[in-house]
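Worksheet: one structure, shown below.
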Amino acid sequence: AFVLLPQMQYEYNKQELISVKCGIEKQVSRSGFLSASYEKNFKSDIQNLELTFRYDFSFTQLAFTARQSNSKTTFTQSARGSLIYDRKSEYLHAGNRSSVGKGGITIMPFLDMNCNDIQDADEPMAYGLNIHISGGRIEHDLKDTIIRILDLEPYTSYYLEFDKNSFDNIAWQLKNRSMQITVDPNNFKLIKLPVHVYGEASGMVYLDA
């Protein structure tokens with residue numbers, strides 16, 4: 001379970017080796033990673049020895065690094081992550097990945113009782129919708145049935161496919177089975193998805209024999 005990262009720089013015109021570097025990394029716990037690397041630069045006569053411990057929390061990523069460069073020693077601490085806020089759906093999220101420059105999609109399925117494709121005040125949210133998309137990270141909010149797709153590349157058109165059989169009620173039917181959306185950077189694109197409610201007939205048939 002070790003990851004080995006060898007690197008080499010070679011200048012073709014002068015036919016000489018510039019530098020060599022080798023790093024090794026291992027996961028030491030569920031969210032902890034320990035790595036070490038050694039680098040030798042022949043052109044500037046510099047040797048670097050580095051030891052790093054990284055721990056991934058759900059809201060941030062912390063790292064502690066000790067670096068020996070020739071006779072100089074430095075210690076570095078770093079934290080990485082992003083805060084994501086969507087004003088339209090009042091959503092605030094702290095993550096350990098960098099989301100700067102990326103975009104997202106917010107999908108709000110609702111029961112369109114009068115089939116006018118507009119969510120009226122008395123029309124509730126629809127539970128149980130499943131979606132498929134090639135990219136991003138899907139998060140389901142169990143409190144209000146909102147589906148969010150995070151970490152999408154900006155200015156890219158994504159094809160969304162909705163699962164029509166994911167609802168528990170057979171009378172709930174989707175008007176749109178698929179959709180193509182272009183993502184904007186640093187922004188959530190809100191999609192209100194109408195779910196039409198159709199009538200249902202039930203009864204018994206008797207045959208005299």
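Scanning for something farther than 30 Å from ILE107 by Cα and modelled with pLDDT of 95 or more, does segment 78-86 turn up at least one residue? No, that holds for no residue.
Taken over segment 108-125, the residue count meeting the criterion of being in a loop (DSSP other than H, G, I, E, B), in contact with an Asp or Glu (Cβ under 9 Å, 6 or more places away or on another chain) and open to solvent by less than 70 Å² (accessible area, probe 1.4 Å) is 3.
Of all the criteria given as (1) more than 24 Å from SER98 (Cβ to Cβ); (2) surrounded by 13 or more Cβ atoms within 10 Å (Cβ to Cβ); (3) touching an Asp or Glu at 6+ places or on another chain (Cβ under 7 Å); (4) not hydrophobic (A, V, I, L, M, F, W, C), the one not satisfied by HIS132 is (2). Within segment 145-165, the set of residues being in a loop (DSSP other than H, G, I, E, B), in contact with a strand residue (DSSP E or B) (Cβ under 6 Å, 6 or more places away or on another chain) and free of Cβ contacts under 8 Å to residues at least 40 places away in the same chain comprises THR145, LYS164. Restricting attention to segment 57-71 and to residues that are open to solvent by 50 Å² or more (accessible area, probe 1.4 Å) and under 14 Å from PHE33 (Cα atoms), the residue that is nearest to the chain's Cα centre (by Cα) turns out to be PHE57. Within segment 81-95, the residues that satisfy the criterion of being surrounded by 15 or more Cβ atoms within 10 Å (Cβ to Cβ) and assigned to a strand (DSSP E or B) are SER82, ILE84, ASP86, TYR91, HIS93, GLY95. When you check ASN176 against the structure, is it of a type outside the set (Val, Ile, Thr) and under 21 Å from the mean Cα position of the chain (by Cα), yes or no? When the stated conditions are applied, ASN176 does not pass them.
The residue of segment 178-209 that is most open to solvent (accessible area, probe 1.4 Å), among those that are part of a loop (DSSP other than H, G, I, E, B) and in contact (Cβ under 8 Å) with a residue 60 or more places away in the chain, is ASN186.
Would you check which residues across segment 138-153 are open to solvent by less than 40 Å² (accessible area, probe 1.4 Å) and of a type in the set (A, V, I, L, M, F, W, C) and list them? Scanning segment 138-153 gives ILE146, ILE147, ILE149, LEU150, LEU152.
Per-residue answers, yes or no, for (1) out of contact with any Lys or Arg (no Cβ under 8 Å at 6 or more places or on another chain); (2) under 30 Å from LYS143 (Cβ atoms):
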| residue | (1), (2) |
| --- | --- |
| MET8 | no, no |
| GLN15 | yes, no |
| GLY23 | yes, no |
| LEU34 | no, no |
| SER69 | yes, no |
| LYS72 | yes, no |
| PHE75 | no, no |
| ASN96 | no, yes |
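Sub-9 Å Cβ pairs linking a first residue in segment 34-62 that is closer than 30 Å to LYS14 by Cβ to a second residue that is not in a strand (DSSP E or B), at least 6 apart or interchain, are ASP45/ASN70; ILE46/ASN70; GLN47/ASN70; ASN48/ASN70, ordered by first then second residue.
The values are calculated or read from the model by the stated rules, or taken from the named source; none is laboratory data. Since this is a predicted model, take the numbers as computed values, not measurements. Here Cβ is always computed from backbone atoms with ideal geometry, including for glycine, and neighbour counts include all displayed protein chains. Ligands, DNA and RNA are stripped out before the accessible areas are found, and what is left, the full protein with its side chains, is counted by its heavy atoms. Shrake-Rupley method; radii C 1.70, N 1.55, O 1.52, S 1.80 Å.
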